[in-house]
Amino acid sequence: MDRLTLNEKRIYEMIKGLEEVVNLPDPVGEITKMWLRPNGMLVGRMRVPIGVIGVIYEARPNVTVDVTGLCLKAGNSVVLRGGSESINSNVALVKILKEALKDEDMHDGVVTYIDIPQREAVIEMIKLEGIIDLIIPRGGEGLIRTVTENSRIPVLKHYKGVCHVFVDRDADLKMAEEICFNAKVQRPATCNAMETMLVDETIAKKFLPKMLKKFEKAGVEIRGCSKTKEIYSHVKEVQEEDYYKEYLDLILNVKVVKDMDEAIEHITKYGSAHSDAIVTTNYEKAMRFLREVDSSAVFVNASTRLNDGYQFGLGAEIGISTDKIHARGPMGLEELTCTKFIVFGNGQLRQ
């Protein structure tokens with residue numbers, strides 16, 4: 001229900017996001033690099049639009065506006081297919097967007113919305129090789145898997161967020177408490193919300209009782225490992241399969257770990273390469289965590305909830321990519337372009 005809601009605050013956020021995109025530099029035509037070859041030829045890379053981008057998404061109707069603004073600013077056309085649960089909101093928003101395009105003497109076909117609620121429409125859409133250049137699925141694991149397995153078009157995945165915060169033995173515990181609470185409770189139904197809190201055993205007895213009490217007061221269901229239960233006995237016992245889950249709810253796994261090595265091993269095994277954080281005052285540990293945790297965004301002393309295009313200064317985002325090809329992390333304008341080689345010569349020939 002939270003994701004479907006369109007209230008005054010959300011509408012204001014959409015407007016603000018569009019205004020930020022308007023004020024961002026135009027990436028199209030930017031020459032990112034130039035170099036001179038021994039034969040006098042000047043070679044470079046120029047940013048160009050990808051072309052037609054198909055976006056398949058569920059729930060949140062604000063995605064309709066965010067995605068359209070970004071795609072158009074980067075010189076692309078967009079084919080939208082929102083979920084059936086928000087179809088009326090999406091149709092209304094697309095109508096407004098098309099009217100705005102006409103006011104600017106642009107062809108309203110650069111924004112197309114597929115208003116067929118049946119899932120078969122998705123299967124047909126992802127067969128449009130040669131018409132759509134890139135497919136970006138945003139939604140649950142089932143949707144992304146279906147699209148990836150059936151698409152004839154390149155797919156940029158925005159996978160689930162199984163996000164972690166590791167509270168190191170050298171952490172400022174007050175800061176750790178605030179970061180962990182924000183990462184879980186501020187908006188639990190988002191992909192960058194914390195699903196597992198890892199705590200160094202050296203400070204676990206001091207940190208956990210107060211932290212878990214605060215979580216419980218906020219309505220969070222705690223699922224703890226055996227060491228967590230020794231410290232805070234009335235929590236539910238965590239099962240191994242829970243560590244793989246993206247709850248999108250006020251449910252939290254808690255695990256006490258021996259040290260940072262065990263924390264990184266846990267994140268590597270159970271995480272989804274989305275957003276992970278360490279809370280520590282130790283510079284060397286912080287830098288090692290940044291190097292060794294292979295996620296789209298890695299934080300030191302900050303909440304995972306900040307993995308967001310708006311928070312990173314990219315304006316509205318099209319989503320958070322967990323892929324390692326072309327784009328990774330929050331996808332703003334630059335990530336909606338690709339590059340082509342440009343060459344300046346003065347008569348050079350291949351010898």
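The values are calculated or read from the model by the stated rules, or taken from the named source; none is laboratory data. Note that this is a predicted model, so its numbers are computed, not measured. Every residue, glycine as well, gets a Cβ built from its backbone with ideal geometry; the counts of neighbours run over all protein chains shown. Surface accessibility is based on the protein's heavy atoms, side chains included, excluding ligands, DNA and RNA. Shrake-Rupley method; radii C 1.70, N 1.55, O 1.52, S 1.80 Å.
Quick check on this structure: which one of Tyr243, Tyr310, Tyr283 is aromatic (Phe, Trp, Tyr), in contact (Cβ under 8 Å) with a residue 40 or more places away in the chain and out of contact with any strand residue (DSSP E or B) (no Cβ under 7 Å at 6 or more places or on another chain)?
Tyr310
Output the qualifying pairs, or none if there are none: Cβ atoms under 6 angstrom, residues six or more apart or on different chains, first residue in segment 186-202 and under 16 Å from Ala218 (Cβ atoms), second residue open to solvent by 10 Å² or more (accessible area, probe 1.4 Å) and of a type in the set (Phe, Trp, Tyr).
Glu195/Tyr247
For segment 173-278, which fully contained strands (runs of 3 or more DSSP E) count at least 2 residues that are more than 30 Å from Ile318 (Cα to Cα) and touching a Leu at 6+ places or on another chain (Cβ under 7 Å)?
So the answer is 221-224, 251-257.
What are the residues in segment 33-90 that are in a loop (DSSP other than H, G, I, E, B) and either in contact with a His (Cβ under 7 Å, 6 or more places away or on another chain) or not small (Gly, Ala, Ser) (or both), if any?
Of everything in segment 33-90, those that are in a loop (DSSP other than H, G, I, E, B) and either in contact with a His (Cβ under 7 Å, 6 or more places away or on another chain) or not small (Gly, Ala, Ser) (or both) turn out to be Arg37, Pro38, Asn39, Met41, Ile50, Glu58, Arg60, Pro61, Asn76.
Can you pull out the residues in segment 203-240 that are open to solvent by less than 70 Å² (accessible area, probe 1.4 Å), without any contact (Cβ under 8 Å) to a residue 40 or more places away in the chain, closer than 30 Å to Met1 by Cα and of a type outside the set (D, E, K, R)? Break it down stepwise before answering.
Here is the first cut: in segment 203-240, the ones open to solvent by less than 70 Å² (accessible area, probe 1.4 Å) are 203-204, 207-209, 211-212, 214-216, 218-225, 228-229, 231-232, 235, 238.
If we keep only those that are without any contact (Cβ under 8 Å) to a residue 40 or more places away in the chain as well, we get 203, 209, 211, 214-216, 218-225, 228-229, 231-232, 235, 238.
Among the residues that remain, those that are also closer than 30 Å to Met1 by Cα are: 211, 214-216, 218-224, 235, 238.
Matches in segment 203-240: Met211, Phe215, Ala218, Gly219, Val220, Ile222, Gly224, Val235, Val238.
Determine, yes or no, whether Ala286 is farther than 30 Å from Leu70 by Cβ, of a type outside the set (Ser, Thr, Tyr) and not in a loop (DSSP other than H, G, I, E, B). Don't jump to the end; show me each part of the working.
Working: farther than 30 Å from Leu70 by Cβ: yes; of a type outside the set (Ser, Thr, Tyr): yes; not in a loop (DSSP other than H, G, I, E, B): yes.
Answer is yes for this residue.
Please go through segment 193-202 and pick out each residue that is within 13 Å of His164 (Cα to Cα) and either of a type in the set (A, V, I, L, M, F, W, C) or open to solvent by 10 Å² or more (accessible area, probe 1.4 Å) (or both).
Within segment 193-202, Ala193, Met194, Met197, Leu198, Val199 qualify.
Quick one: in segment 1-60, which of the residues that are among the aromatic types (Phe, Trp, Tyr) and in contact with a strand residue (DSSP E or B) (Cβ under 9 Å, 6 or more places away or on another chain) is modelled with the lowest pLDDT?
Tyr57
Scan segment 1-53 for residues that are among the charged types (D, E, K, R), more than 25 Å from Lys340 (Cα to Cα) and open to solvent by less than 90 Å² (accessible area, probe 1.4 Å) and report the count.
Within segment 1-53, residues that are among the charged types (D, E, K, R), more than 25 Å from Lys340 (Cα to Cα) and open to solvent by less than 90 Å² (accessible area, probe 1.4 Å) number 6.
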